[in-house]
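Chemist: Here you go, one structure.
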Amino acid sequence: MADEIPRYRYNAELAGSIERSWQDRWEADGTFNSPNPAGPMGEPDKVAGRDKLFILDMFPYPSGTGLHVGHPLGFIGTDVFGRYKRMSGFNVLHAMGFDSFGLPAEQHAIATGIHPRINTEANVTTYKRQLRQLGLAHDNRRSVATTDESFYRWTQWIFLQIFNAWYDPTIAKARPIKELIAEFETGTRATGGGTDWANMDEGAQRKLVDSYRLVYADDMPVNWCPGLGTVLANEEVTADGRSDIGNYPVFRRNMTQWVMRITSYADRLLDDLERLDWPEPIKHMQRNWIGKSHGARVIFRTDAGPLDVFTTRPDTLFGATFMVVAPEHGLVPALTTAAQHDAVEAYVAAAAGRSDMQRQEDKSKTGVFTGSHAVNPMNGELIPVWIADYVLMGYGTGAIMAVPCGDERDFEFARQFELPIRAIQEPPASWFDSHGIDESLDTAGWPRAFIGDARYVNSANDSFTLNGVESIDDAVTSTNAWLEVNGHGHGTINYRLRDWQFARQRYWGEPFPIVWDEHGPIALPDQYLPVLLPDLDDFKPQALDPNDDQSRPLPPLARATNWVEVTLDLGNGPRPYRRELNVMPQWAGSCWYEMRYLDPTNENAFIDPAVEAYWMGPDPSRPGDPGGVDLYVGGVEHAVLHLLYARFWHKVLFDLGHVSSVEPFRRLFNQGYVQAYAYRDDRGQTVPAEEVEALDGGYVWQGQSVAREYGKMGKSLKNVVTPDDMCDAYGADTFRLYEMSTGPLDASRPWNTRDVIGMQRFLQRLWRNLVDETTGELRVVDTEPTYETDRLLHRIVDGVRTDMDNLRFNTAIAKLIELNNHVTGLPSTPRRVAETLVKMTAPLAPHIAEELWHRMGNPYTLTYEAFPEADASFLIDDEVEYPVQINGKIRARITVATGSDQATVEAIAMADDKVVAALAGVEPKKVIVVPGRMVNIVV
RNA sequence: GCGGGCGUGGCGGAAUGGCAGACGCGCUGGACUUAGGAUCCAGUUCUGGAAACGGAGUGAGGGUUCAAGUCCCUCCGCCCGCACCA
């Protein structure tokens, strides 16, 4: 190395030292601490008279592998926006926490025998270090982890609020359970069981009240894996019905589970979507998930008792020629006749061995006849009742009336088992045409069911007829009325949404603040919180005989016998209780964590109401505003579950008066993903991506050609690039700029390390425009910029502001580079231009900006300097250049004084030499002048 | 199958219906250099041409419009969501 690199050249080394020094200063000074209106972090005088902004990232699960470059995309985006808003005068709250309960830590603990807390804390430390080096402007006083005892104490407290509440449908709100008990006691509410409250024993009273709670225990179909001793999520079951881990058999069976009554909130969760500033696809997914559909409940009489069905097409009742119940339906044993017993038993057992996944993949129709019949309430006809797994226990009532002429699945089933298909509508001629068959009500020739508006036939009984009606809506309405009058059913609404299965037979989660006595569960009073997770040596659920499908789960906490058996005085003297052995699912902490950032040290409440109202309260100036976080940024993978659960908890807290906001997240933004290339050799082995070279349109690794694929970044794909790598090689500012420059924040983009250098060069040129590379002296001069420079400057300022406001950081960066490239061409850098450029760069590349700001002699800190504003007078030029088109093709350019009227512009255009030549004497038919834009001559 | 989104240079991507390709990478040439995988300068949609200057061009085809990457229709391709939801 003969030639020395200039001492003050902006490279990775210099960037690194600049970044470390400012990060230390920011931390020491608490530069990004945001004041609360009240409480321990209250600084009312700093809050007064300022707008506030609460921005939030979906907090990460601290995994053992640390961050790769894809993870911080959203974090950097929110940081840029937050810094911009801080420079626009806002009191910005931005903090980061950790979703640190969860399965990977538990599995690591099972494998190593090391307590998951140790591993989790180590991972959090790594994450904090990795995030710190990115220069994120977080208020670190507010960082929380869901595994902190001081955090999950309040998760348990909120659980108890929900447990101690019931949903009153008359006011569509949750109310304290005490009010329900009071209604029973005073007799204003009937107990429903025929016995007065006063005459019920304690067990019966508690059972009644428990049946109203928003958290309740219920029999639900689950994936029970005795080999692992736990219930599994559908995603954890393989296509052949075995456990993903360990390959043990998995059984579908009903088991008592803790469930949250989210279905009570279905309508509000659906309706309030209208009030949210969320991406339309996410709202759509939530709507689909809730799955509201209008229809009717119809009761069919059978020898085994009434059989309820839900249908969206009660108008087709006359076409019901059989019924189908799900294999898990409670009436199956009673419906099964002796002759069919063996066949039914075999079918039900086979269905239990099939996972949901298998059922979804294989759509061929299977089924078995029960031997029983039901009475069609419309016409008194006896129709056979079948069992088939195309009917799902989890939707509607788990039983359907089958109308093969009007439903594709029923049609297929009828064909498969040779059941009658009766036409009850007369399809239009076009329908027959399009299927190439003759018009006929003889369904034997139909290739498929008919669905749509058409005239009804064969649809009448003694007191009711649909014959001749032509619209489904009309037919549904009148059928529902008839059903109700005659006691056979009624119009109703059904939801796809199920109640939320809340318990996990695991270790690394929040213990329930619940104990049991002989009558059932009891909520622990507040003074017993937190219920701490007991220490164990072995974190596995207790494995049972893998093939015994009748066994019951024994969660890991059952091993902590001293913890489980507890003597407490809950108001009637010390008595023995057993603790609840399940823990909460990982979603629990993420249902409310954002609020804890606001008041992280509060020991008296999960949040001070004044603090909540300040940061999250509805904006009175915007009618219908639901309140909540001002901007929530995260991946689309949480479109449904996390966002729905969090909304649900928030609404319960609202109903009970604990928060002023109706919704937790007022505005949602989905950032894209950073994806990466991976390479495989001939044998399909992945090879290190960083060692692969492009050659003649192909890819080569160590002399052999390899195939490229595109997707996730991951260890097994040997294509992981970490923020640490990038900070070492280029510096955090370069890395931040690269991440923000590769596309709009909501778009996914490929990672290309090769391209990162471009942003390094930009910062290097910016630095060089202000600082002499050799001497380190300031190169900024106190002369005024030229008019031309000022015009560009103000145009750029104007554009960058718009881009920043709209989270379009990629185009903001392009504009900054454009301005900097202009400055590079100047003989010297005017101070006003330099300062403006540095301020605009600050949100994106905060360290170099702070450094340059400091070197220009300005006081610490740039963080709260006002973001530049454009002077409108510079945005309008004296002259405007108009392209002149002839029939849409550009043939000339003219320069016209700004504000010239259309006639003047037209005259100048028509007089232009090139225009005259191009027209060659032809008289234009029309001349269009778009003011300030262009001229189009039509010939 | 149903629903939604997207197709622009070699690559990432810009373009309130109004000059397609901002900005970056890469590439080409030059400067500085013992050297360049550093840095700087210039060029870079394709095509004809030395150039001036032409022609074509935003997945394909059609339409609306003075004007379409942008709006409408049909088709093709890719991505995402849901998926036996009665």
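Chemist: A:GLY436 fails exactly one of the following numbered conditions: (1) touching a residue at least 12 places away in the same chain (Cβ under 8 Å); (2) open to solvent by 50 Å² or more (accessible area, probe 1.4 Å). What is the number of that condition?
Modeler: Among (1) touching a residue at least 12 places away in the same chain (Cβ under 8 Å); (2) open to solvent by 50 Å² or more (accessible area, probe 1.4 Å), the lone unmet condition for A:GLY436 is (1).
Chemist: Here's another thing I want to ask about it. Criterion first (surrounded by 15 or more Cβ atoms within 10 Å (Cβ to Cβ) and over 30 Å from A:PRO618 (Cα atoms)) does A:ALA320 satisfy it? Write out each step before concluding.
Modeler: Numbers: surrounded by 15 or more Cβ atoms within 10 Å (Cβ to Cβ): yes; over 30 Å from A:PRO618 (Cα atoms): yes.
In short, yes.
Chemist: I've got another one for you. What do you reckon, is A:ASN254 out of contact with any strand residue (DSSP E or B) (no Cβ under 6 Å at 6 or more places or on another chain) and surrounded by fewer than 21 Cβ atoms within 10 Å (Cβ to Cβ)? If you could, list the steps in order and put the result at the bottom.
Modeler: Numbers: out of contact with any strand residue (DSSP E or B) (no Cβ under 6 Å at 6 or more places or on another chain): no; surrounded by fewer than 21 Cβ atoms within 10 Å (Cβ to Cβ): yes.
Criteria not met by A:ASN254.
Chemist: If you don't mind, another one. Within segment A:439-456, is even one residue in contact with a Phe, Trp or Tyr (Cβ under 9 Å, 6 or more places away or on another chain), farther than 26 Å from A:TRP386 by Cβ and surrounded by 15 or more Cβ atoms within 10 Å (Cβ to Cβ)?
Modeler: Yes, segment A:439-456 contains at least one residue that is in contact with a Phe, Trp or Tyr (Cβ under 9 Å, 6 or more places away or on another chain), farther than 26 Å from A:TRP386 by Cβ and surrounded by 15 or more Cβ atoms within 10 Å (Cβ to Cβ).
Chemist: Now a separate question. Quick test of your reading of the structure: A:ARG596 fulfils all but one of (1) open to solvent by 10 Å² or more (accessible area, probe 1.4 Å); (2) at pLDDT 95 or above. Name the failing condition by number.
Modeler: Going through the list (1) open to solvent by 10 Å² or more (accessible area, probe 1.4 Å); (2) at pLDDT 95 or above, A:ARG596 breaks only (1).
Chemist: Looking only at residues that are out of contact with any strand residue (DSSP E or B) (no Cβ under 9 Å at 6 or more places or on another chain), within 14 Å of RNA strand B (Cβ to nearest atom) and open to solvent by 30 Å² or more (accessible area, probe 1.4 Å) in segment A:709-740, which one is farthest from A:GLU691 (Cα to Cα)?
Modeler: Step by step, filter segment A:709-740, then rank; the result is A:TYR730.
Chemist: Give me a count of the residues in segment A:633-676 that are free of Cβ contacts under 8 Å to residues at least 60 places away in the same chain, part of a loop (DSSP other than H, G, I, E, B) and open to solvent by 30 Å² or more (accessible area, probe 1.4 Å). Break it down stepwise before answering.
Modeler: Pass one, segment A:633-676, residues free of Cβ contacts under 8 Å to residues at least 60 places away in the same chain: A:637, A:641, A:646, A:650, A:654, A:657, A:660-661.
Checking which are part of a loop (DSSP other than H, G, I, E, B) leaves us with A:657, A:660-661.
Those left that are additionally open to solvent by 30 Å² or more (accessible area, probe 1.4 Å): A:657, A:660.
Number satisfying all stated conditions: 2.
Chemist: Exactly one of these conditions fails for A:TYR8: (1) more than 16 Å from RNA strand B (Cβ to nearest atom); (2) touching a residue at least 60 places away in the same chain (Cβ under 8 Å). Give me its number.
Modeler: All conditions pass for A:TYR8, except number (1).
Chemist: Quick check on A:PRO116: is it open to solvent by 30 Å² or more (accessible area, probe 1.4 Å) and touching a residue at least 40 places away in the same chain (Cβ under 8 Å)? Step through it out loud before you land on a result.
Modeler: Values: open to solvent by 30 Å² or more (accessible area, probe 1.4 Å): no; touching a residue at least 40 places away in the same chain (Cβ under 8 Å): yes.
Against the criterion (open to solvent by 30 Å² or more (accessible area, probe 1.4 Å) and touching a residue at least 40 places away in the same chain (Cβ under 8 Å)), A:PRO116 does not qualify.
Chemist: Mind listing whichever residues of segment A:850-897 are of a type in the set (D, E, K, R) and more than 16 Å from RNA strand B (Cβ to nearest atom)?
Modeler: Within segment A:850-897, the subset of a type in the set (D, E, K, R) is A:850-851, A:855, A:865, A:869, A:871, A:877-879, A:881, A:889, A:891, A:893.
Selection gives A:GLU850, A:GLU851, A:ARG855, A:GLU865, A:GLU869, A:ASP871.
Chemist: Moving on. Which count do you get for residues in segment A:260-289 that are open to solvent by 60 Å² or more (accessible area, probe 1.4 Å) and within 15 Å of RNA strand B (Cβ to nearest atom)? Let's see the steps before the verdict.
Modeler: Within segment A:260-289, the first condition is being open to solvent by 60 Å² or more (accessible area, probe 1.4 Å), and the residues that meet it are A:271, A:274-275, A:277, A:280-281, A:284-285, A:287-289.
Among the residues that remain, those that are also within 15 Å of RNA strand B (Cβ to nearest atom) are: A:280-281, A:284-285, A:287-289.
Of the residues in segment A:260-289, 7 are open to solvent by 60 Å² or more (accessible area, probe 1.4 Å) and within 15 Å of RNA strand B (Cβ to nearest atom).
Chemist: A follow-up question, please. Report, by residue number, each residue of segment A:25-72 that is among the basic types (Lys, Arg) and over 31 Å from the mean Cα position of the chain (by Cα). Break it down into steps so the answer makes sense when it comes.
Modeler: Restricting attention to segment A:25-72, the residues satisfying the condition of being among the basic types (Lys, Arg) are A:25, A:46, A:50, A:52.
Passing the criteria: A:ARG25, A:LYS46.
Chemist: Further question on the same structure: Is it the case, given these coordinates, that A:GLY573 is open to solvent by less than 40 Å² (accessible area, probe 1.4 Å) and free of Cβ contacts under 8 Å to residues at least 12 places away in the same chain? Reasoning before the result, please.
Modeler: Values: open to solvent by less than 40 Å² (accessible area, probe 1.4 Å): yes; free of Cβ contacts under 8 Å to residues at least 12 places away in the same chain: yes.
So A:GLY573 fits the description; yes.
Chemist: Can you name the number of the only condition in (1) buried (at least 23 other Cβ atoms within 10 Å of the Cβ); (2) away from RNA strand B (no atom under 16 Å from the Cβ); (3) in contact (Cβ under 8 Å) with a residue 60 or more places away in the chain that A:ASN602 fails?
Modeler: (1)
Chemist: Hey, another quick one. Could you check segment A:919-930 and list, in sequence order, the residues that are part of a loop (DSSP other than H, G, I, E, B) and more than 9 Å from RNA strand B (Cβ to nearest atom)? Show your work before the answer.
Modeler: Pass one, segment A:919-930, residues part of a loop (DSSP other than H, G, I, E, B): A:920-925.
Scanning segment A:919-930 gives A:ALA920, A:GLY921, A:VAL922, A:GLU923, A:PRO924.
Chemist: Looking at segment A:52-91 only, could you name the residues that are free of Cβ contacts under 8 Å to residues at least 60 places away in the same chain and hydrophobic (A, V, I, L, M, F, W, C)?
Modeler: Of everything in segment A:52-91, just one residue is free of Cβ contacts under 8 Å to residues at least 60 places away in the same chain and hydrophobic (A, V, I, L, M, F, W, C), namely A:PHE90.
Chemist: Now for a separate question. Which members of segment A:680-708 meet the condition of being surrounded by 15 or more Cβ atoms within 10 Å (Cβ to Cβ) and either in contact with a Gly (Cβ under 6 Å, 6 or more places away or on another chain) or of a type in the set (A, V, I, L, M, F, W, C) (or both)?
Modeler: Within segment A:680-708, the subset surrounded by 15 or more Cβ atoms within 10 Å (Cβ to Cβ) is A:680, A:686-687, A:689, A:692, A:699-701, A:706.
Matches in segment A:680-708: A:VAL687, A:ALA689, A:VAL692, A:VAL700, A:TRP701, A:VAL706.
Chemist: Here is a further query. Could we say that A:THR147 is open to solvent by 20 Å² or more (accessible area, probe 1.4 Å) and of a type in the set (Ser, Thr, Tyr) here?
Modeler: On the way: open to solvent by 20 Å² or more (accessible area, probe 1.4 Å): no; of a type in the set (Ser, Thr, Tyr): yes.
So A:THR147 does not fit the description; no.
Chemist: Checking A:ALA475 against (1) within 15 Å of RNA strand B (Cβ to nearest atom); (2) assigned to a helix (DSSP H, G or I); (3) surrounded by fewer than 18 Cβ atoms within 10 Å (Cβ to Cβ), only one condition comes out false. Which one?
Modeler: (3)
Chemist: Of the conditions (1) assigned to a loop (DSSP other than H, G, I, E, B); (2) over 33 Å from the mean Cα position of the chain (by Cα), A:TRP563 fails just one. Which one is it?
Modeler: (1) is the only condition that A:TRP563 fails.
Chemist: Among all residue pairs at least 6 apart or on different chains, which show Cβ distances below 8 Å where the first residue, located in segment A:809-828, is among the basic types (Lys, Arg) and within 9 Å of RNA strand B (Cβ to nearest atom) and the second is open to solvent by less than 40 Å² (accessible area, probe 1.4 Å) and assigned to a helix (DSSP H, G or I)?
Modeler: Listed by first residue and then by second, the contacts come to A:LYS815/A:ILE796; A:LYS815/A:GLY799; A:LYS815/A:VAL800; A:LYS815/A:ASP803.
Chemist: Could you check A:ALA48 against (1) aliphatic (A, V, I, L, M); (2) farther than 21 Å from A:LEU631 by Cα; (3) in contact with a His (Cβ under 9 Å, 6 or more places away or on another chain) and say which number it fails?
Modeler: (3)
Chemist: Would you check if A:THR311 is within 16 Å of RNA strand B (Cβ to nearest atom), over 29 Å from the mean Cα position of the chain (by Cα) and farther than 26 Å from A:LEU644 by Cβ? Before the answer, list the steps.
Modeler: Working: within 16 Å of RNA strand B (Cβ to nearest atom): yes; over 29 Å from the mean Cα position of the chain (by Cα): yes; farther than 26 Å from A:LEU644 by Cβ: yes.
In short, yes.
Chemist: Here's a follow-up. Restricting attention to segment A:785-797, does a residue exist that is over 28 Å from A:LEU134 (Cα atoms) and outside any helix (DSSP H, G or I)?
Modeler: Going residue by residue through segment A:785-797, those that are over 28 Å from A:LEU134 (Cα atoms) are A:785-795.
Imposing the further condition that a residue be outside any helix (DSSP H, G or I) reduces the set to A:785-786.
Among the residues of segment A:785-797, at least one is over 28 Å from A:LEU134 (Cα atoms) and outside any helix (DSSP H, G or I), which makes the answer yes.
Chemist: While we're looking at this one, here's another question. Might you let me know whether segment A:38-49 holds any residue that is surrounded by fewer than 18 Cβ atoms within 10 Å (Cβ to Cβ) and touching a Ser or Thr at 6+ places or on another chain (Cβ under 7 Å)? Write out each step before concluding.
Modeler: Looking only at segment A:38-49, we keep the residues that are surrounded by fewer than 18 Cβ atoms within 10 Å (Cβ to Cβ), and these are A:38-40, A:42-49.
Narrowing further to those that are touching a Ser or Thr at 6+ places or on another chain (Cβ under 7 Å): A:40.
Yes: segment A:38-49 contains one or more residues that are surrounded by fewer than 18 Cβ atoms within 10 Å (Cβ to Cβ) and touching a Ser or Thr at 6+ places or on another chain (Cβ under 7 Å).
Chemist: Given (1) open to solvent by less than 50 Å² (accessible area, probe 1.4 Å); (2) within 6 Å of RNA strand B (Cβ to nearest atom), where does A:VAL756 come up short, assuming only one miss?
Modeler: Unmet condition: (2).
Chemist: Something else about it: Go through (1) within 11 Å of A:VAL927 (Cβ to Cβ); (2) more than 13 Å from RNA strand B (Cβ to nearest atom) and name the single condition A:ILE908 misses.
Modeler: A:ILE908 satisfies all of (1) within 11 Å of A:VAL927 (Cβ to Cβ); (2) more than 13 Å from RNA strand B (Cβ to nearest atom) except (1).
Chemist: Right, another one. Output the number of the condition that A:ALA326 fails; it satisfies all remaining conditions of (1) buried (at least 21 other Cβ atoms within 10 Å of the Cβ); (2) touching a helix residue (DSSP H, G or I) at 6+ places or on another chain (Cβ under 7 Å); (3) at pLDDT below 95.
Modeler: So the condition that A:ALA326 fails would be (2).
Chemist: Now, a different point. Output yes when any residue across segment A:675-695 is closer than 22 Å to A:THR78 by Cα and basic (Lys, Arg), and no when none is. Break it down into steps so the answer makes sense when it comes.
Modeler: In the first step, residues of segment A:675-695 are kept if they are closer than 22 Å to A:THR78 by Cα; the result is A:675.
With the extra rule that they be basic (Lys, Arg), the set shrinks to none.
Scanning segment A:675-695 turns up no residue that is closer than 22 Å to A:THR78 by Cα and basic (Lys, Arg).
The values are calculated or read from the model by the stated rules, or taken from the named source; none is laboratory data. Only a predicted model underlies this, so the values are computations on that prediction, with no experimental measurement involved. Please note: Cβ atoms are built from the backbone with ideal geometry, for glycine as well, and neighbour counts cover all protein chains shown. Ligands, DNA and RNA are stripped out before the accessible areas are found, and what is left, the full protein with its side chains, is counted by its heavy atoms. Shrake-Rupley method; radii C 1.70, N 1.55, O 1.52, S 1.80 Å.
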